[in-house]
Amino acid sequence: QFVESDDDEELLFNIPFTGSVKLKGVLVMGEDDGTHPAEMRLFRNIPHMSFDDTAREAEQTFSLNRDPLGELEYPTKIARFSNVHHLSMHFPKNFGAETTKIFYIGLKGEWTE
């Protein structure tokens with residue numbers, strides 16, 4: 001099972017948390033082909049973020065490597081992600097395919113009420 005973008009390579013995920021999260025790392029698993037996302041942009045505490053909002057500067061941007069096994073962890077700048085109530089993940093491009101596919105997103109950190 002996977003999530004696939006509609007008619008271009010962009011994907012946007014909005015993840016609300018039930019408490020405060022200190023986000024320490026992110027894993028992204030895709031196929032070992034052009035559909036794997038090539039870039040990830042993280043935004044914090046912007047509920048109901050839309051594609052129009054992605055023009056703003058991200059809290060942190062990552063260049064991704066193809067990772068079909070979900071083994072690569074991308075560490076976040078903990079000072080920027082120490083009090084997260086809502087996380088938005090924008091994947092603006094992939095490795096050349098028309099659509100982007102993501103099989104798994106893993107979040108590593110600490111949760112408090």
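The values are calculated or read from the model by the stated rules, or taken from the named source; none is laboratory data. Because the structure is a prediction, the values reported are computed rather than measured. Every residue, glycine as well, gets a Cβ built from its backbone with ideal geometry; the counts of neighbours run over all protein chains shown. Keep in mind that these areas ignore ligands, DNA and RNA; they rest on the heavy atoms of the full protein, side chains included. Shrake-Rupley method; radii C 1.70, N 1.55, O 1.52, S 1.80 Å.
Here K101 is the anchor, and the lysines within straight C-alpha reach of less than 23 Å, apart from those fewer than 8 places off in the same chain, are K93.
For the chain, the share of accessible area belonging to carbon and sulfur comes to 46 percent (1.4 Å probe, ligands and nucleic acids excluded).
Taking only C-alpha pairs under 8 Å that are 6+ residues apart, what is the relative contact order of the chain in percent? Spell out each step's value before the answer.
Details: 282 pairs, mean separation 58.5, N = 113.
Normalised by residue count, the contact order of the chain is 52 percent.
For the chain, the per residue solvent-accessible surface stands at 56 Å², with DNA, RNA and ligands left out and a 1.4 Å probe. Direction-averaged projected area, Cα convex hull, the chain: 6.8 nm², rounded to one decimal.
Rounded to the nearest 20 debye, the dipole magnitude of the range 3-112 is 820 debye, with +1 charges on Lys and Arg beta carbons, -1 on Asp and Glu beta carbons, and the Cα centre as origin. Taking amide H positions as modeled 1.01 Å from N, with prolines and chain starts lacking one, the residues under 5 Å from G109 and 5 or more places away or on another chain are K24. For the range 38-49, 3J(HN,Hα) computed residue by residue from phi via the Karplus equation (6.51, -1.76, 1.60; θ = phi - 60°) reads 9, 9, 10, 10, 10, 10, 10, 6, 10, x, 6, 4 Hz, glycine and proline entered as x. Taking a straight line from the alpha carbon of K22, these aspartates and glutamates sit under 12 Å away, with near neighbours fewer than eight places off in the same chain left out: E110, E113.
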